[in-house]
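In what follows, a structure is listed as structure tokens, so that the remarks can point back to it.
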Amino acid sequence: MENTLIQQESDDINYHLHPYTNARKHQEQGPLVIVKGDGVYVEDIHGKKYLEAMAGLWSVALGFSEKRLVEAAMRQFEILPFYHQFTHKTHDVAAQFAKRLIDIAPVPMSKVFFTNSGSEANDTVIKLVWYRSNALGLPDKKKIISRLKGYHGVTVASASLTGLPGNHRGFDLPIDRILHTACPHYWRDAQEGESEEQFSTRMAQELENLIQKEGPETIAAFIAEPVMGAGGVIVPPATYWEKIQAVLEKHDILFIADEVICGFGRTGKMFASETFGLKPDVLVLSKQISSSYQPLSAILLNEKMFNPIADESNKLGVLGHGFTAGGHPVAVAVGIENLTIIQERNLVAHAATVGAHMLKRLHELGNHPLVGEVRGIGLIAGVELVIDKSRKTALEVPGQLGTMVIKELQDLGVISRNIGDTLAFCPPLIITVEQVDEMVNKFKQALDIVHEKVTG
Ligand code: PMP
């Protein structure tokens, strides 16, 4: 393969260490080098086109060629290419975007803190929760509960929140004071004859038991994605959220909704907190906030969070936290334009409609011998593959089936992602019904090819 590689491919192998990649295998197989984007499609260095069924990393809401975002960035570069928000300073776009975000928040929120990535945002939230407990004179109220299979980032603290072994193994994580409760995957984990409602009651009871075991007065916050993304696209079962929220309220535990994937229309409403009736104290946003054209994340805090933090900063003299590039003016300018476009073009309603079509088409594959469960909401879906439908098992090596399908699908011109044996679909919000059909038809073809390989 080596001598057929073009320069960028061999440069990549020789000089580039990749995130979420097997570094040794990469040296053998080399990279997929993407060089261009157009709508929901991207093109590789050999001129092959792919439908990007993951919107990059669950994030490119407006597709890969939205000129207005480029123009918004260019305008801001010309006017003010950098300024910060430290020491009582700001720039006009940050103030403007903060107000726009508070205006559209699904529950009353008070202030916005800008950061650059989902991980940084969640790290910041942990610090602000601890700071708040100190402000309230509750130094022992510091533990934060997250969920197994939840994904909240990769920095030392946010990776600790993440409930996936791959983010802890080899890194000496998680850190202390982070706890994990069960993942609500009804299809896989329900007991014989248990209804969704009964399963949700059991999930809430497990949370209650964990809180009692640790001591309710030591638990500061609970963090969750309304729909789990990177853990396998897990949609909560009926009554799950109302029961979980009742437990949190009972013990005065803060609720942090990580809407890094769900926010800005993904579930068919502007925020998944609306879709599921959530009342978070903190809302974490990133990815679709700027369609990922620029790195940007935002934390929305309610009064219950803001007031003690403000008092503590007054007592200590300063809130000793912030990132040089947090709320970078170019990123924020892109964020403002991105939101304007989502609103002007009714892309949230579009995501709901085209998402319903995507789910209908995926559910039609339910009879395929390799399909175990189809799950999703709005324009995000997961299809869990199995070999044995009744036992819900895949191949002996977990993830092997998923990897085989993803490879065939890529050859057919669709980029998706396998989370173990679950195939994720999370295309740009601008995708059309015809493009959804192209995506699902090719997925079916890939399933047929792999089925032939594993049974033939
Ligand atoms: N939270 C959620 C729900 C995410 O999906 C992600 C990224 N996939 C993150 C946080 C971390 O974001 P980042 O990769 O920007 O640090």
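FYI, it's all coordinate maths here, none of it is from the lab. Model, not experiment: these values are computed from the prediction. Note that we place each Cβ from the backbone using ideal geometry, even for glycine, and neighbour counts take in every protein chain shown.
Sorting Arg417, Arg68 from the fewest to the most surrounding beta carbons within 10 angstrom yields Arg68, Arg417.
Its Cα centre serving as origin, the chain has a Cβ charge dipole (Lys and Arg +1, Asp and Glu -1) of approximately 540 debye.
If the segment from Ala95 to Arg68 were pulled out straight at 0.36 nm per residue, it would be longer than the present Cα-Cα gap by 7.6 nm. An ellipsoid equivalent to region 157-202, defined through the eigenvalues of its Cα gyration tensor, has semi-axes of 29, 11, 7 Å when rounded to whole angstrom and sorted largest first.
For region 69-344, the direction-averaged projected area of the alpha-carbon convex hull comes to 14.8 nm². Dividing the Cα radius of gyration of region 211-313 by 2.2 N^0.38 Å, with N the residue count, gives 1.15. Here Leu138 and Leu412 are evaluated by their C-beta separation; at R0 = 51 Å the FRET efficiency comes out at 0.35.
Within the set Lys149/Lys250; Lys36/Lys444; Lys149/Lys392; Lys287/Lys315; Lys127/Lys315; Lys143/Lys243, which residue pairs have Cα atoms separated by over 23 Å? Over 23 Å Cα-Cα: Lys149/Lys250; Lys36/Lys444; Lys287/Lys315.
Packing here is the average count of other Cβ atoms within 10 Å per residue, and on that basis the peptides 77-84, 153-160, highest first, run 153-160, 77-84.
Charged side chains reduced to their Cβ positions (Lys and Arg at +1, Asp and Glu at -1) give region 336-456 a dipole of some 240 debye around its Cα centre. What separates the Cα centres of region 86-108 and region 196-240 is a distance of 31 Å. What you get for region 140-216, charging only the Cβ of Lys and Arg (+1) and of Asp and Glu (-1), is a dipole of about 400 debye around the Cα centre.
For the pair region 8-35 and region 374-408, the centres of their Cα atoms are 26 angstrom apart.
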